[in-house]
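Undergrad: The structure that follows is given in the form of structure tokens.
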Amino acid sequence: MKTLAPALLVAMPDLMDPNFSGCVVLVTQHDATGSFGLVINRGTDLPVRVLCENLKMSWTGDQKARVKWGGPVFPEHGWVLVGDAKSDVMSLQNVSEGILFTSSPEDLRALAGQPRDRIRVVLGFCGWGPGQLEQEISAGSWLVPNYRNLTDGTLRRFLQGHLGFLQFIFELLYGRGKLELPPGHDLTSVLQV
């Protein structure tokens with residue numbers, strides 16, 4: 001089986017699940033057992049600082065940073081996406097070159113104390129059973145942009161190079177404003193890790 005991950009998925013209107021209307025998903029794992037991904041363009045009102053306080057951690061990063069909504073599965077389970085973080089102490093898993101993630105509370109504690117420039121704290125995730133994502137893609141529920149060798153740098157270049165295309169797709173499919181961008185952000189800043 002050829003893996004799809006890492007990849008971006010753009011939800012199409014044919015996708016009947018309202019959880020994914022207007023979503024862009026970063027697929028981090030795809031194999032015969034199923035697929036795992038995180039929505040990367042939907043936020044919450046929960047400040048990262050408050051989440052960390054509830055977990056008895058100190059958040060020293062941007063005090064206005066908000067937790068992102070990663071998907072409908074286990075919304076109480078957290079993930080952290082980080083760009084360019086290298087550490088022998090943390091158990092960061094490689095998504096692709098320069099894009100790492102973890103669900104370890106110890107890693108969150110370490111990152112909260114010394115946050116990176118590009119860090120995203122996420123609650124929930126997207127999950128598909130064996131063959132389910134392939135069926136949804138075949139049914140036209142997801143647009144899968146065609147590119148190879150996804151890295152932190154190529155992801156940013158892809159998004160910048162295809163920014164107009166992605167905005168056009170969302171405006172055409174969902175109408176203006178449906179992408180749910182936070183105030184003061186453009187599509188490139190929202191989609192970057």
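The values are calculated or read from the model by the stated rules, or taken from the named source; none is laboratory data. All values derive from a computational prediction rather than experimental measurement. When we count neighbours, we look across all protein chains shown, and the Cβ atoms used for this are built from the backbone with ideal geometry, even at glycine. Accessible surface areas use protein heavy atoms only, side chains included; no ligands, DNA or RNA. Shrake-Rupley method; radii C 1.70, N 1.55, O 1.52, S 1.80 Å.
Undergrad: Over all directions, how big on average is the projection of the convex hull of the alpha-carbon atoms in the range 1-107, in square nanometres?
TA: Its Cα hull, projected and averaged over all orientations, spans 8.2 nm².
Undergrad: Within 10 Å of each candidate Cβ there may be at most 11 other Cβ atoms; applying that plus a DSSP loop requirement, which trypsin sites (Lys or Arg not before Pro) in the range 1-86 survive?
TA: LYS2, LYS56, LYS64, LYS86
Undergrad: Could you work out what % of the accessible surface of the range 1-121 is carbon and sulfur, using a 1.4 angstrom probe and leaving DNA, RNA and ligands out of the count?
TA: That share works out to 52 percent.
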